[in-house]
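In what follows, a structure is listed as structure tokens, so that the remarks can point back to it.
The values are calculated or read from the model by the stated rules, or taken from the named source; none is laboratory data. None of the values given here were measured: they were computed from a predicted structure. As a convention, Cβ positions derive from the backbone with ideal geometry for all residues, glycine included, and neighbour counts pool all protein chains shown.
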Amino acid sequence: VRPVANGGPGDFEPLPGDSTTASVGPGSNSQLGLRVGVRNGSETRLTLAGLRVSIPSHAPGQPTGWITGAFLDRTTATFSDPAELAIAVDPSGLAVGRYEATLAVSSEAAGLEEVVPRTLRVILQVG
């Protein structure tokens, strides 16, 4: 499983360090959505099946609940046809600062018995 930035139709680039970042102004109460493509990590015909995403795990000592949802648009993906992971973020009530959480995306690759997990770091900068 390889998260990729969703730059445009057919334009997918690896995210540095498997992370995605959003910034909002201080006191923002507007929810925002992040979109990340998920595909196998190499140009193979390997299809990822049974894709799933975990509940968020927040950095120690930081507020929880600012990721209000994480949903995959489907349960299969290939290198050329990634699935999309939508992440809903609500900065309401967060003080100025940097917030981090992780989401685990896993899959059972077709023809393989092992589960392939990958962690995506979600960073929210307030202020």
| said: Of the conditions (1) at pLDDT 90 or above; (2) of a type in the set (A, V, I, L, M, F, W, C); (3) more than 17 Å from L120 (Cα to Cα), F71 satisfies every one except a single condition; which number is it? | reply: (3)
| field | Verdict on L120 being surrounded by 17 or more Cβ atoms within 10 Å (Cβ to Cβ) and at pLDDT below 95 | value | yes
| Which of the residues belonging to region 46-100 are surrounded by fewer than 13 Cβ atoms within 10 Å (Cβ to Cβ) and aromatic (F, W, Y)? | F71
